[in-house]
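The values are calculated or read from the model by the stated rules, or taken from the named source; none is laboratory data. Only a predicted model underlies this, so the values are computations on that prediction, with no experimental measurement involved. Cβ atoms come from the backbone with ideal geometry, glycine included; neighbour counts cover every protein chain shown.
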Amino acid sequence: MIRDGSRLVAALLLWCLGITGTYAQRIVLDTIASHEAVLHVGEEVVVKGVVAQVVISAKSTAGQPVFLNMGRPYPYQDMTLVIWREKLPKSYKKYKWESLTGKTVYVSGKMRIYKNNPEIHLYHLRQLHIVEEVKENK
C-alpha cells in the first residue's frame, strides 16, 4: 500500500476536484501503487505510478487513444492508462503526451482488464494529476 505522504497528496487531489467527505476518505484509502493494479479490477481507485512509456495511436484510430504504460514499457507494464483524445477539449488535442514519460502521476478511475492487462480509461483530464518535482535550493 501507499505510504501516508502519498495519501495526503491523493486527499489534496480529491479536494481540488471537489470530492470531499466519506466518499473522498474511501478513495484515499483505496490509493494503490501501479504494480498492485491487477488486485483491484472492478474497483474505483486512485493509482500512483511512474509513466514508463507513452504510445500515441494514429489519428485515424477510433477514439484517438494515447496509452500511458505504467511502471515498465509494453509488454511488461504494470498497467495502462488509456486517454481518449477525441473526448478531450480542443486545447488538449495537441498536448505533448511524450513529456509525461518518467513522471509520477496519480490517476483515478475504475480498474478494468483488457487482454489480461489492467487499465483505467480517462475521459476527463481531472482524472490525471501530474506530480511536480520539488527542486531543493542548495
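Per the conditions (1) surrounded by 14 or more Cβ atoms within 10 Å (Cβ to Cβ); (2) modelled with pLDDT of 80 or more; (3) under 17 Å from the mean Cα position of the chain (by Cα), the sole criterion not satisfied by Gln64 is (3).
When Val55, Val105 are checked against the criterion of being outside any helix (DSSP H, G or I), in contact with a His (Cβ under 7 Å, 6 or more places away or on another chain) and modelled with pLDDT of 95 or more, a single residue qualifies: Val105. Taken together, Trp97, Trp84 contain a single residue that is closer than 16 Å to Gln53 by Cβ and modelled with pLDDT under 95, which is Trp97. Search segment 80-102 for residues being part of a loop (DSSP other than H, G, I, E, B) and among the basic types (Lys, Arg), and hand back the single one that is surrounded by the most Cβ atoms within 10 Å (Cβ to Cβ). Looking at the filtered set, the residue picked out is Lys93. Taking residues in segment 52-63 that are on the phi > 0 side of the Ramachandran plot, and partners anywhere that are hydrophobic (A, V, I, L, M, F, W, C) and not in a strand (DSSP E or B), not one pair has Cβ atoms closer than 6 Å while being at least 6 places apart or on different chains.
Close Cβ contacts (under 9 Å, 6 or more residues apart or on different chains) running from residues in segment 18-46 that are surrounded by fewer than 19 Cβ atoms within 10 Å (Cβ to Cβ) and modelled with pLDDT of 95 or more to residues that are in a helix (DSSP H, G or I) and not acidic (Asp, Glu) comprise Ala33/Ser6. Listed by first and then second residue, the pairs linking a residue in segment 96-112 that is of a type in the set (Lys, Arg) to a residue that is in a loop (DSSP other than H, G, I, E, B), with Cβ atoms under 8 Å apart and 6 or more places separating them unless they lie on different chains, are Lys103/Val131; Lys110/Gly42; Lys110/Glu43; Arg112/Val41; Arg112/Gly42.
Among the residues of segment 58-79, those that are in contact with a helix residue (DSSP H, G or I) (Cβ under 6 Å, 6 or more places away or on another chain) and in a loop (DSSP other than H, G, I, E, B) comprise Gly63, Gln64, Gly71, Asp78. One residue stands out among those in segment 108-131 that are under 11 Å from the mean Cα position of the chain (by Cα) and under 15 Å from Gln77 (Cα atoms): the one that is surrounded by the fewest Cβ atoms within 10 Å (Cβ to Cβ), which is Met111. The single residue among Arg72, Arg85 that is among the basic types (Lys, Arg), more than 13 Å from the chain's Cα centre (by Cα) and closer than 18 Å to Tyr106 by Cα turns out to be Arg72.
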